[in-house]
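Below is one structure, written out as structure tokens; the observations come after it.
Where a number appears in this text, it was derived from the coordinates with a stated rule and is not lab data. Bear in mind the structure is a predicted one, so any value in this text is a computation, not a measurement. A quick note on method: Cβ atoms are made from the backbone with ideal geometry, for glycine too, and the neighbour counts reach across all protein chains shown.
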Amino acid sequence: MPTADQMLGTSTVEALARMITLVTPQQPAEHLNAVPAALDGQPMRARVDLVSHALLKDLGPDRLVATIREAATAHPQDFSGWMIWPVTEAVAHNAVATGSERTFQEALEVLAELTHRFTAEFALRILLRQDHRRVLTAASEWTQSPDEHVRRLASEGTRPLLPWGLRVPEPSAEPSATLPILTALHNDPSEYVRRSVANHLNDLSRHHPDLVVQTAATWLDRPGPYTARTVKHALRTVVKRGHPEALALMGYPPVVVDVQGPRLTPPAVQWGGSLQISATVHNDDDATPAKLLIDYVVHHRKANGTTTPKTFKWTTMELAPGETVELTRRHSFREITTRKYHAGMHSVALQINGVEHPAVDFELLPRN
């Protein structure tokens, strides 16, 4: 992941200032030219705000959109990349501040024009929070655009949990509001668009799993060439949580299997070491193969002594009638930035087709 300075650093802001000045020579970009001196040590969010606010001060509400369009036309190749993020946010903030229907509509049009140069998904959140129904109407129209970037904007910009994006409570409170957009795009010829659709539906599944599974089932009733792959990616969270209908859609219905284990070695794990997990799975059905999705769940100890589960993928397989399989893998407890460990008793359980089997305890020893 590039640093904030690599994404929106001095050279990028200076390049933006030059392009703006070239189309407005009568009024140099005074505030924008001052931004590079203030960037040192600033996180990405603060950098975007600095550039966006400088553009608004230099260009004002009457000239902002026209100047940005002129710069985009005059510099079709260079007016692109990370500089576009604050440019689109300036347009969105200006529309909200102005408060007119014309400016709001113009902002939607500019975001659609610029999104192929970087992405306008973050700026769209500003408009979405101001008038989510009007934005959703525009997004529905964008699903028919010949430009894959605009079609993706319809899905990505309206995601409930867009990474780095402003939280917008209204669509989250009405989870079905964006489903027509996703339905229009779920079989899009562009993988770039389809992946956004899957991520959007996965966001919804965190709080509305039944609605998401029902939507996926409807898509699979009349599948296109990409439907199954999109649905698989969209249902990844509910599958890991063991949602029975989601697992059945993925081809993993309830099964009758005998599970021995997990067997854990060693019973006390050194800090930064690893745990060997072994198990035996037997298909008790003498007539029917068992298609299995096998995960394991680590119940991590928290600082207050309670535990929290984390599901890890293990394997998929099909066991013939009466067949037995031996499984073994290692789970590392090396320190990583995304997980904090606490010494004490933990446990591991197997999860097969969404059903969690009895857990077995082990101890994570204190750090030396």
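Worth a mention:
- Per the Kirkwood formula applied to alpha carbons, the stretch 177-253 shows a radius of gyration over Rh ratio, Rg over Rh, of 0.92.
- Entry note: the stretch 36-86 has Rg to Rh equal to 1.00, where both radii use alpha-carbon atoms and Rh is the Kirkwood radius.
- Note on the stretch 268-320: the C-alpha convex hull projects to 5.2 nm² when averaged across all orientations.
- FRET efficiency for the Ala217 to Arg102 pair, using the beta carbon distance and R₀ = 41 Å, is estimated at 0.45.
- Multiplying the residue separation of Arg339 and Lys291 by 0.36 nm and subtracting their alpha-carbon distance yields 14.1 nm.
- Scoring 18-31, 117-130 by mean Cβ neighbours within 10 Å over their residues and listing the highest first yields 117-130, 18-31.
- Once the Cα-Cα distance is subtracted from the 0.36 nm per residue extended length, the Ala34 to Leu161 segment shows a gain of 42.3 nm.
- When you count the other C-beta atoms within 10 angstrom of each residue and take the mean per peptide, 153-159, 166-172, 214-220 line up highest first as 153-159, 214-220, 166-172.
- Label-reachable residues, the stretch 185-212, where backbone N falls under 20 Å from a point 7 Å from Glu148's Cα toward its Cβ: 185-201
- Nearest-0.05 FRET efficiency for Thr73 and Glu14, computed from C-beta distance (R0 25 Å): 0.75
- The chain: angle of helix 101-114 to the longest principal axis, Cα-based, in degrees nearest 10: 70
- Between Glu170 and His331, the simple label model (points 7 Å from Cα in the Cβ direction) yields a spacing of 4.4 nm.
- The equivalent ellipsoid that matches the C-alpha gyration tensor of the stretch 257-364 spans semi-axes of 29, 13, 12 angstrom, in descending order.
- For a label point 7 Å along the Cα-to-beta-carbon line of Asp131, residues of the stretch 92-112 with backbone N under 12 Å: 95-109
- The distance separating the Cα centre of the stretch 261-308 from that of the stretch 221-252 comes to 24 Å.
- Eigen-decomposition of the gyration tensor built on the alpha-carbon atoms of the chain gives equivalent ellipsoid semi-axes of 49, 27, 16 angstrom, largest listed first.
- As a size descriptor, the averaged projected area of the C-alpha convex hull of the stretch 121-255 was calculated at 7.7 nm².
- Full-extension gain in nm, Gln276 to Gln6, via 0.36 nm per residue minus C-alpha separation: 93.1 nm
- Listed peptides 95-105, 224-234 by packing density, highest first (mean Cβ within 10 Å): 224-234, 95-105
- Isotropic mean projected area of the C-alpha convex hull, the stretch 105-171 (nm²): 3.9
- Once the Cα atoms are used to define both axes, helix 44-74 deviates from the longest principal axis of the chain by about 50 degrees.
- Using the Cβ-Cβ distance between Ala268 and Lys232 with R0 set to 41 Å, the FRET efficiency works out to roughly 0.60.
- The stretch 70-115: proportion of alpha-carbon pairs further apart than 17 angstrom, %: 33
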